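Here's the structure we're looking at; comments come further down.
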Amino acid sequence: MLEGCEAYLVHVIAAEKVNPTLTEILVVRDFTEMFPNDLPGLPPHRKMVFTIETLPGVAPISIAPYRIALVELQQLKKQIEELLEK
């Protein structure tokens, strides 16, 4: 490169797509009682499109969080304790 020659820098990674076996999947391995013993393998990978259709002009519901005064909270706790003692 210093003498005016062309040079190319190439970085190649040979990545092989390997499908995991059933024992390599944590959920299947941890909950073996939920999966049948004769499970042949994993289903083929499919592209999934997931959307939630909404009506035009619809917005999420905005509700302020419920707050209770300290005095009311203490009274409510006292009532609950009295009911639990019965």
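Rule-based calculations on the coordinates, nothing more; no lab input. Treat the numbers as computed from the prediction; the structure is a model and nothing was measured. Cβ coordinates were reconstructed from backbone atoms using ideal geometry, including for glycine residues, and neighbour counts include every protein chain displayed.
Observations, loosely collected:
- Calculated from backbone phi, Karplus (6.51, -1.76, 1.60) coupling profile of region 66-74 in Hz, x at Gly/Pro: 6, 10, 10, 5, 4, 5, 5, 5, 5
- The residue among VAL27, PRO65, HIS11 whose Cα reaches farthest toward the positive pole of the charge dipole of the chain, with charges on the beta-carbon of Lys, Arg, Asp and Glu, is PRO65.
- Potential extension, VAL49-GLU85 segment - 0.36 nm per residue separation minus Cα distance: 7.6 nm
- Rounded to the nearest 20 debye, dipole of region 1-40 from Cβ charges on Lys, Arg, Asp, Glu: 80
- The chain - mean residue ellipticity at 222 nm from DSSP helices (-39,500 (n - 2.57) per run, n ≥ 4, rounded to 500): -7500 deg cm²/dmol
- Candidate lysines for bridging to LYS47, where Cα separation is under 22 Å - those fewer than 8 sequence places away on the same chain excluded: LYS17
- Partners of LYS77 within straight-line reach, counting lysines whose Cα lies under 20 Å from its Cα and excluding those fewer than 8 residues away in the same chain: LYS86.
- Computed magnitude of the charge dipole of the chain (debye, nearest 20; Cβ of K, R +1, Cβ of D, E -1): 400
- Potential extension, PHE31-ILE13 segment - 0.36 nm per residue separation minus Cα distance: 3.0 nm
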